[in-house]
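The values are calculated or read from the model by the stated rules, or taken from the named source; none is laboratory data. Since the structure is predicted, the reported quantities are computational estimates derived from the model, not experimental observations. So basically every Cβ, Gly included, is an ideal-geometry build from the backbone, and we count neighbours across all protein chains shown. These accessible areas exclude ligands, DNA and RNA; they are computed on the full protein's heavy atoms, side chains included. Shrake-Rupley method; radii C 1.70, N 1.55, O 1.52, S 1.80 Å.
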2 protein chains.
Amino acid sequence: MNLLLIDPAELTDRGTVSLSDVRARHLRTVLHVQPGQELRVGLVDGPYGVGRVEAVDEAMVSLRCAFEAHAPSRPRVDVLLALPRPKVMRRLWAQLAALGVGQIILTNAGRVERNYFDTHMLEPREYGPLLIEGLQQARDTRVPAVSIHRQFRKLIEDDLDALCADAHRLVADPSAASSIGDTVRSAAPVRCLLAVGPEGGWNTFERDLLAAHGFHAVGMGARTLRSDTACVALVTLVHEAMKVGAVGSEVS
Amino acid sequence: MNLLLIDPAELTDRGTVSLSDVRARHLRTVLHVQPGQELRVGLVDGPYGVGRVEAVDEAMVSLRCAFEAHAPSRPRVDVLLALPRPKVMRRLWAQLAALGVGQIILTNAGRVERNYFDTHMLEPREYGPLLIEGLQQARDTRVPAVSIHRQFRKLIEDDLDALCADAHRLVADPSAASSIGDTVRSAAPVRCLLAVGPEGGWNTFERDLLAAHGFHAVGMGARTLRSDTACVALVTLVHEAMKVGAVGSEVS
């Protein structure tokens, strides 16, 4: 835990918070905090701040917090992900939050097995703590927005414009010749939406529908990666390309 | 499994192989192979080829194989990794093989707990199958060379030149201002060796020793990632930068 995240509902009017859960245990047993010590804190979906430890005992750690005026901006990359196997999705929540994504849009697809949607890992009370874990690791406060769509066509045709109005759309495609770097740098977009297909890939209908709705196919070289490895690698490359793009536009 | 890997010792003089392990089960129950069918195969640390299914029964799948003349070249990125927790290392073997690394050099460091070295996951019979799993996923035949070093100083001072003579040396450092992309592109190296520290980072002695032995500190932005996520992201960025570098030197 590199940043202690606090939910706004946990704060009293006086800006104090009393923690008694896994965070309190971490503060006591790993960080060995003492009264008077100051910690970097963040408000969930809000600003960073400083928390001064007021009291520590077996059951509880109390802090008085002061926050900055503004929240950090939302990560500029969103992902549209054909729902992977529950075991893989379980591993991805914290990793995506740590890498920094503004939205996680999960969808059905021809090659997604129906029973993948039955997992309890798609309930906010299950994935919420994993997203917070990733944010506390990466020192971010902005929780990715999550939406789950059982109808791929409806998502792409009807819902996506409202979800991601301003994003440059990319779809990872092993057969594509264009690289993420070149594609993103030439568009220099404010936001990117990256679509990642199921193991086995999008089918022809899905590929055509994505192309018809503005998704640019981008390749990633000859190696086929497992979907969790691929997600981490692809999100990393989009972030990197957007950084380079931003520098380029400052220079020119 | 996107490529069936066969060990040279499994081949008869006539170029046939009879599989009865997990690969046979995968061929039968997932790929539903039939006699006469041709599959893409590879020889462990050797060339690609084609295997023609000769017989399939409950216990065994037999193939006759023909291989190309030359093995693919070794991936151009090596990693030097402060040994992570056993659970994390377990997840990394297949992912590193799939991303493509020539060598995995594991080392002790001040912030590596001694008992991490006691795990059976550091024995070839444990990690070997995980490396093969990653190669079969990514369609590569070249098995990363693995070496394990309990003395960091001896590794860096005495052994590293022989292990990685020609590699451009990088060390991931959250506080570094230079990016992987810029550093690799300006050097346009034939190979890169990327050092990734333990959770909590290298200590001052280790950092200084790496710098004194030619390691360039490269940053990765403000986010602190868990070591498995960081490894995947960093190796991806080094590969990407070396690709761009190669294109650049062809153009100039």
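Residues whose amide H comes within less than 5 Å of that of A:T16, counting only those at least five positions distant or on another chain, are A:C65 (H built at 1.01 Å from N in the peptide plane).
Quick one: angle between helix B:227-251 and the longest Cα principal axis of chain B, in degrees between 0 and 90, rounded to 10, please. Roughly 90 degrees between the two axes. In order along region B:191-202, the Karplus-derived 3J(HN,Hα) couplings, from 6.51 cos²θ - 1.76 cosθ + 1.60 at θ = phi - 60°, round to 9, 10, 10, 10, 9, 10, x, x, 4, x, x, 5 Hz, and Gly and Pro are given as x. Under conditions of 4 °C and 1.567 mPa s, the protein assembly as shown yields 52 µm² s⁻¹ as its translational diffusion coefficient, taking Rh as the Kirkwood radius over Cα pairs in the Stokes-Einstein equation. For chain A, the mean residue ellipticity at 222 nm estimated from helices alone is -10000 deg cm²/dmol, where every DSSP H run of n ≥ 4 contributes -39500 (n - 2.57) and the total is divided by all residues, rounded to the nearest 500. For region B:114-141, a reduction of at least 10 Å² in accessible area between the chain on its own and the assembled protein chains (probe 1.4 Å) is found at B:E133, B:Q137, B:A138, B:R139, B:D140. Look at where the Cα atoms of region A:65-112 and of region A:118-184 average out, and the two centres are 5 Å apart. Residues with beta-carbon under 15 Å from that of B:R28, excluding B:R28: net charge, scoring Lys, Arg +1 and Asp, Glu -1? Overall, the nearby charge balance is -2. Here B:K87 is the anchor, and the lysines within straight C-alpha reach of less than 27 Å, apart from those fewer than 8 places off in the same chain, are A:K87, B:K154.
Each Lys and Arg contributes +1 and each Asp and Glu -1, all at the Cβ; summed about the Cα centre of chain A, the dipole is approximately 480 debye.
A simple spin-label model places pseudo-atoms 7 Å from Cα toward Cβ; at B:L122 and B:D159 they are separated by 1.0 nm. Note that region A:61-70 has calculated 3J(HN,Hα) couplings of 10, 10, 9, 10, 10, 10, 10, 5, 6, 10 Hz, one per residue in order, obtained from phi through the Karplus relation 6.51 cos²θ - 1.76 cosθ + 1.60 (θ = phi - 60°); glycine and proline are x.
Protection proxy ranking for B:89-95, B:13-19, B:37-43, using the average of other Cβ atoms within 10 Å per residue and placing the highest first: B:89-95, B:37-43, B:13-19. Relative to the Cα centre, the charge distribution of region B:79-221, modelled as +1 at Lys and Arg Cβ and -1 at Asp and Glu Cβ, gives a dipole magnitude of about 300 debye. In order along region A:86-91, the phi-based Karplus estimate (6.51 cos²θ - 1.76 cosθ + 1.60, θ = phi - 60°) of 3J(HN,Hα) comes to x, 5, 6, 4, 4, 6 Hz; Gly and Pro are listed as x. Counting charges near A:L193 (Lys, Arg +1; Asp, Glu -1) among other residues having Cβ under 9 Å from its Cβ returns a value of +1.
Counting Cβ atoms of other protein chains within 10 Å of each Cβ in A:96-103 and taking the mean gives 2. Computed from Cα atoms, the angle from the helix B:124-138 axis to the main principal axis of chain B rounds to 80 degrees.
Counts of other chain beta carbons within 10 angstrom of each beta carbon in peptide B:213-225 average 3. Averaging the sequence gap over all C-alpha pairs within less than 8 Å and six or more residues apart, then dividing by the number of residues, gives region B:1-127 a relative contact order of 19 percent. Its Cα centre serving as origin, the protein assembly as shown has a Cβ charge dipole (Lys and Arg +1, Asp and Glu -1) of approximately 80 debye. Here's how it looks for B:A145: its modeled amide H is under 5 Å from those of B:Q103, B:I104, which are all 5 or more places away or on a different chain. Taking all Cα pairs closer than 8 Å and separated by 6 or more residues, the relative contact order of chain B comes to 19 percent. Amide H contacts of A:L193: A:D78, A:H168, A:R169, A:L170, each under 5 Å away and 5 or more positions distant or on a separate chain (H built 1.01 Å from N in the peptide plane; Pro and chain starts excluded).
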